[in-house]
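Novice: I am attaching a structure below and will ask some questions about it afterwards.
The values are calculated or read from the model by the stated rules, or taken from the named source; none is laboratory data. Remember, predicted model here, so these are calculated numbers, not experimental data. Cβ placement follows ideal geometry from the backbone for every residue including glycine, while neighbour counts extend to all protein chains displayed. Accessible surface is based on the protein model in full, side chains and every heavy atom, while ligands, DNA and RNA are left aside. Shrake-Rupley method; radii C 1.70, N 1.55, O 1.52, S 1.80 Å.
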Amino acid sequence: MTKKPQTVIQTRSILSGFSLDGKRALVTEGKMGFGRAITLGFADAGAGFGICGRMLTNSKLGVAVAEISQSGRRSLAIQADVTSKTDVERMVKQVVTTEFGSIDILVKNAAIY
């Protein structure tokens with residue numbers, strides 16, 4: 001009886017060839033859904049983050065920031081309404097001037113209707 005060869009399936013993360021080490025990202029509405037998936041994927045790839053939402057008291061924003069921090073990346077929750085020019089200017093100033101020094105990646109994920 002001939003022994004069949006075993007099939008070995010090697011899995012590797014899609015992120016293994018994708019590094020964002022040292023990059024800084026800002027994601028609008030990154031606390032849930034597609035935005036959350038982006039933030040967690042970019043954090044896994046090495047990016048630090050600012051995540052904005054309209055309300056800081058929303059526990060989903062805190063959970064997303066905590067998950068990023070657990071991966072060893074810097075993260076920051078920022079209250080901003082992206083329909084407000086004043087809020088957007090303050091958000092960018094906070095990220096660039098106070099926290100990260102620059103923004104390498106900007107993901108406009110907030111839905112405006």
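Novice: Looking at segment 89-113, which of its residues are surrounded by 14 or more Cβ atoms within 10 Å (Cβ to Cβ), under 15 Å from residue 54 (Cα atoms) and touching a residue at least 24 places away in the same chain (Cβ under 8 Å)?
Specialist: Within segment 89-113, 91, 92, 109, 110 meet the criteria.
Novice: Quick one: residue 42 ticks every box in (1) at pLDDT 85 or above; (2) closer than 26 Å to residue 85 by Cα except a single one, so which number is it?
Specialist: (2)
Novice: Which count do you get for residues in segment 62-92 that are β-branched (Val, Ile, Thr) and assigned to a loop (DSSP other than H, G, I, E, B)?
Specialist: So the answer is 2.
Novice: Quickly run through segment 72-88 and pick out the residues that are in contact (Cβ under 8 Å) with a residue 24 or more places away in the chain, among the hydroxyl-bearing types (Ser, Thr, Tyr) and surrounded by fewer than 17 Cβ atoms within 10 Å (Cβ to Cβ). Outline the logic, then answer.
Specialist: First pass over segment 72-88, keeping only residues in contact (Cβ under 8 Å) with a residue 24 or more places away in the chain: 73-83.
Those left that are additionally among the hydroxyl-bearing types (Ser, Thr, Tyr): 75, 83.
If the condition is that a residue be in contact (Cβ under 8 Å) with a residue 24 or more places away in the chain, among the hydroxyl-bearing types (Ser, Thr, Tyr) and surrounded by fewer than 17 Cβ atoms within 10 Å (Cβ to Cβ), then 83 is the only one that fits.
Novice: Pairs needed: first member in segment 29-55, in a helix (DSSP H, G or I); second member anywhere, open to solvent by 10 Å² or more (accessible area, probe 1.4 Å); C-beta distance under 6 Å; at least 6 residues apart or different chains.
Specialist: Pairs found: 35/29; 35/109; 38/107; 42/20; 43/71; 43/73; 44/15.
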